[in-house]
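What follows is a set of notes on a single structure, which appears directly below.
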Protein chains: 2
Amino acid sequence: MKPKSLNHPHADPFQHFMDVLRSPDLPESSISFLQSCGRPLHLARGEAAELREQEQRTAIFVSEGAAKLVGHVGADREQIVAFCFEGELLILSVTSHTPYTLQALTECRLLAFPAGDLITKVTEATSSAIVERTFLALDQARDASVLLGRKTAQEKLASFLVSMVDRIGVVGPKIIALDLPMSRREIGDCLGLTIETVSRQLTALRNHGIIKTYGRSKITILDMARLSERAVQASCTT
Amino acid sequence: MKPKSLNHPHADPFQHFMDVLRSPDLPESSISFLQSCGRPLHLARGEAAELREQEQRTAIFVSEGAAKLVGHVGADREQIVAFCFEGELLILSVTSHTPYTLQALTECRLLAFPAGDLITKVTEATSSAIVERTFLALDQARDASVLLGRKTAQEKLASFLVSMVDRIGVVGPKIIALDLPMSRREIGDCLGLTIETVSRQLTALRNHGIIKTYGRSKITILDMARLSERAVQASCTT
DNA sequence: GCAGTAGTTTGACCTGAATCAATGACGTGT
DNA sequence: ACACGTCATTGATTCAGGTCAAACTACTGC
């Protein structure tokens, strides 16, 4: 596993998409329509997706790898607004004032669907899956606001790790393993912190015996309870 | 205009909702269905909406007044995640980790629709209006992430004013008038700042001759161009 | 009109995270 | 196995914005 290229667990991204959507009662005509409008994208690590004009409102399915949605402020400041892992659907809708780009975190294979078409032309199960996903993204974005606006660096890191455990964690007996596909810079960009602060907070968590780190990307959670505690998701614990 | 109670420009909130949705081709049956599932809420200034269990996923139409969606961190920290003004539709979907409450900014009159029902049972124009609104909310939430994560206090205030001008500004020749329905505390909660910082930044904008303030809630924008400039929405201005 | 109060502004000071600056570790290519 | 470059960690210092404290102002009810 040295060159670490994609190993294609899903030979056909579209098939993977249909598997994940799980829409059993979708007529054949809709399936072929979907297939015709899904544009495959293959991005190298770090590469940005070229989004066409008509894809301003787009549903992007991640078949393999991981990607990030980045908002830009001025020339040098950037803020990661969403991470997107294998099997997830990222909703892009650019009414926004801020310019956004979609970039590959690792080499990845995507399918881009014009969301307008999907919603108006395929009003069956698929559209409802997209609506579901949109609601989920909205929730995540709002949770992100709370995190960015009101949490301390320590709480941000803990919340980040908890959410990564949820999404890509390998749960074992007693411990949970994480292999993060993003750099410290990317973690910082997503939490509104600098690399140094991310590093310092990881060290703090390590010193408290809550996590252990192996190399740059591997982390094991030793004490999930205390980690969650530090993420302060709950309020009014009365 | 002393007691400043609601003056009911829209006697029937449901009629107002239909007017705003503008779905001409909606069958009579759907209209009556919608009318049956819209629960009217009347909140006094500061009051929190009591959301029922089945309203975890809800579309809330604001017929009169203004409201805020607040996320809570621990017992005392709170973050405003969305403001919602007359004629707008707020989408709530609580998959979130963070607890949220909906509170009245001013006395207001709302209609709460269980969003699940709307989307599955009324797949016509109405549902697409809700989907539209969801996309918009998603955009706003992502812009908020960028603002919270990477903008300075000055930029946050400027961005806030620009967005308020968009939504409730009264555009005149040369100047734009704003009458903000929220307190300094609420502005701060929404921008991840304290009241003091909000106040100081308003003073700074006033000293630069960009805005003028009258009393607590009235602001006029004297120089919209310079205000937008300070909001730094654009990047890559090359 | 006046007093009371909540909301706002201003100032002095403090602190958490950013910035600046080295050093150190991983992983890649030769 | 080695050397290079990128990325990560650690330490010293700075600064934007928070906290604390005190005036001040605008709305409220009387």
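The values are calculated or read from the model by the stated rules, or taken from the named source; none is laboratory data. As the structure is a computational prediction, the values presented were derived from the model and not from experiment. Here the Cβ positions follow ideal geometry from the backbone for every residue, glycine too, while neighbour counts run over all protein chains shown. What goes into the accessible areas is simple: the full protein's heavy atoms, side chains included, and nothing from ligands, DNA or RNA. Shrake-Rupley method; radii C 1.70, N 1.55, O 1.52, S 1.80 Å.
Quick check: anything in the stretch A:176-193 modelled with pLDDT of 95 or more and of a type in the set (Asp, Glu)?
No, that holds for no residue.
Which members of the stretch B:175-198 meet the condition of being within 11 Å of DNA strand D (Cβ to nearest atom), within 14 Å of chain A (Cβ to nearest Cβ) and assigned to a helix (DSSP H, G or I)?
Result: B:Gly188, B:Asp189, B:Leu191, B:Thr197, B:Val198.
Quick one: how many residues across the stretch A:187-196 are farther than 18 Å from A:Val162 by Cβ and of a type outside the set (Asp, Glu)?
2
Applying the selection to the stretch B:201-235, what residues are polar (S, T, N, Q), under 20 Å from B:Thr152 (Cα atoms) and within 8 Å of DNA strand C (Cβ to nearest atom)?
B:Thr203
In the stretch B:40-74, what residues are among the aliphatic types (A, V, I, L, M) and crowded, with 17+ Cβ neighbours inside 10 Å?
Of everything in the stretch B:40-74, those that are among the aliphatic types (A, V, I, L, M) and crowded, with 17+ Cβ neighbours inside 10 Å turn out to be B:Leu41, B:Leu43, B:Ala49, B:Leu51, B:Ala59, B:Ile60, B:Val62, B:Ala66, B:Ala67, B:Leu69, B:Val70, B:Val73.
Can you tell me which of (1) at the interface with chain A (Cβ under 8 Å from one of its Cβ atoms); (2) open to solvent by less than 10 Å² (accessible area, probe 1.4 Å); (3) over 10 Å from the mean Cα position of the chain (by Cα) is the one B:Arg77 doesn't meet?
Evaluating B:Arg77 over (1) at the interface with chain A (Cβ under 8 Å from one of its Cβ atoms); (2) open to solvent by less than 10 Å² (accessible area, probe 1.4 Å); (3) over 10 Å from the mean Cα position of the chain (by Cα) leaves (2) as the failure.
Does B:Gly169 count as touching a helix residue (DSSP H, G or I) at 6+ places or on another chain (Cβ under 6 Å), modelled with pLDDT under 95 and open to solvent by less than 40 Å² (accessible area, probe 1.4 Å)?
When the stated conditions are applied, B:Gly169 does not pass them.
So which residues in the stretch A:212-222 are open to solvent by less than 40 Å² (accessible area, probe 1.4 Å) and more than 10 Å from DNA strand D (Cβ to nearest atom), if there are any at all?
Once the filter is applied, which keeps residues that are open to solvent by less than 40 Å² (accessible area, probe 1.4 Å) and more than 10 Å from DNA strand D (Cβ to nearest atom), the stretch A:212-222 yields A:Thr220, A:Ile221.
Could you run through the stretch A:149-200 and say how many residues are under 15 Å from A:Ser228 (Cα atoms) and within 11 Å of DNA strand C (Cβ to nearest atom)?
The qualifying residues number 7.
Taking B:Gly209 as meeting all but one of (1) in contact with a Leu (Cβ under 7 Å, 6 or more places away or on another chain); (2) within 14 Å of DNA strand D (Cβ to nearest atom); (3) part of a loop (DSSP other than H, G, I, E, B), write down the number of the exception.
For B:Gly209, the failing item is (2).
So in the stretch A:150-166, with the set limited to residues that are among the basic types (Lys, Arg) and modelled with pLDDT under 95, which one is most open to solvent (accessible area, probe 1.4 Å)?
The selected residue is A:Arg150.
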